[in-house]
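Working notes for the structure below.
The values are calculated or read from the model by the stated rules, or taken from the named source; none is laboratory data. What you see is a predicted model, and the numbers here were worked out from it, not measured in a lab. Don't worry about glycine lacking a Cβ; one is built from the backbone with ideal geometry, like all the others, and counts go over all protein chains shown.
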Amino acid sequence: MAQGRGNAAGFAVAIMLCLVVHQIGAAQAKIHKVGDQKGWTYNVATWPHRKTFKAGDKLYFKYNPMFHNVIAVTKKGYKKCTVPKGAKVYNKGVDKIKLVKGPNYFICGYPQHCQSGMKLAIYAQ
């Protein structure tokens, strides 16, 4: 009988340890304000240089939704400033977007904004 209780207690401790490890991982995710003080604007393409991003981190896009938006695109959409069919469009002006592991691409979908440097390519580790 005592052995059964010991196993149950050990199982409970293992579950608690897993929850703590999960919480520590979640706490380590960072929120990066795109463009720092300038926000999501023109010529922001160089903003990620010398910054480190991890999968699970969030990008915080702040902008005036009357004049801009954020669209998650493919590498081709990023290079050619085109919006692929079915692309996710963000237009609230205060958007938080979770990074996935690998390349993440974003553009402004308003005419000529992407061509004017309102685009972002980020690699998350």
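Check whether at least one residue in segment 112-124 is exposed (fewer than 12 other Cβ atoms within 10 Å of the Cβ), assigned to a loop (DSSP other than H, G, I, E, B) and within 16 Å of the chain's Cα centre (by Cα), and report yes or no.
No, segment 112-124 contains no residue that is exposed (fewer than 12 other Cβ atoms within 10 Å of the Cβ), assigned to a loop (DSSP other than H, G, I, E, B) and within 16 Å of the chain's Cα centre (by Cα).
Within segment 35-54, is there a residue that is without any contact (Cβ under 8 Å) to a residue 12 or more places away in the chain, at positive phi and part of a helix (DSSP H, G or I)?
yes
Among the listed residues ILE97, ILE107, identify the single one that is over 20 Å from THR52 (Cβ atoms), touching a strand residue (DSSP E or B) at 6+ places or on another chain (Cβ under 8 Å), in contact (Cβ under 8 Å) with a residue 24 or more places away in the chain and β-branched (Val, Ile, Thr).
One residue alone meets the criteria, ILE107.
I'm trying to understand the selection: among the residues of segment 67-86, which are within 19 Å of the chain's Cα centre (by Cα), outside any loop (DSSP other than H, G, I, E, B) and surrounded by 12 or more Cβ atoms within 10 Å (Cβ to Cβ)?
VAL70, ILE71, ALA72, VAL73, GLY77, TYR78
Among the residues of segment 46-66 satisfying the criterion of being exposed (fewer than 15 other Cβ atoms within 10 Å of the Cβ) and aliphatic (A, V, I, L, M), which is farthest from the chain's Cα centre (by Cα)?
If we take residues in segment 46-66 being exposed (fewer than 15 other Cβ atoms within 10 Å of the Cβ) and aliphatic (A, V, I, L, M), then MET66 is farthest from the chain's Cα centre (by Cα).
Across segment 99-111, what is the number of residues that are more than 21 Å from ASN64 (Cα to Cα), among the hydrophobic types (A, V, I, L, M, F, W, C) and either buried (at least 18 other Cβ atoms within 10 Å of the Cβ) or over 19 Å from the mean Cα position of the chain (by Cα) (or both)?
Residues meeting the conditions: 1.
Which members of segment 36-83 meet the condition of being in contact with a Pro (Cβ under 9 Å, 6 or more places away or on another chain) and polar (S, T, N, Q)?
THR74
Does segment 15-28 contain at least one residue that is surrounded by 10 or more Cβ atoms within 10 Å (Cβ to Cβ), modelled with pLDDT of 95 or more and either outside any strand (DSSP E or B) or in contact with a Phe, Trp or Tyr (Cβ under 6 Å, 6 or more places away or on another chain) (or both)?
No - not one qualifying residue is present in segment 15-28.
For every residue, the table says whether it meets (1) aliphatic (A, V, I, L, M); (2) in contact with a Ser or Thr (Cβ under 8 Å, 6 or more places away or on another chain); (3) farther than 17 Å from HIS32 by Cα; (4) modelled with pLDDT of 95 or more.
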residue: THR46; (1), (2), (3), (4): no, no, no, no
residue: ALA55; (1), (2), (3), (4): yes, no, no, yes
residue: MET66; (1), (2), (3), (4): yes, no, yes, yes
residue: LYS75; (1), (2), (3), (4): no, no, yes, yes
residue: GLY93; (1), (2), (3), (4): no, no, no, yes
residue: GLY102; (1), (2), (3), (4): no, no, no, yes
residue: TYR105; (1), (2), (3), (4): no, yes, no, yes
residue: GLN112; (1), (2), (3), (4): no, no, yes, yes
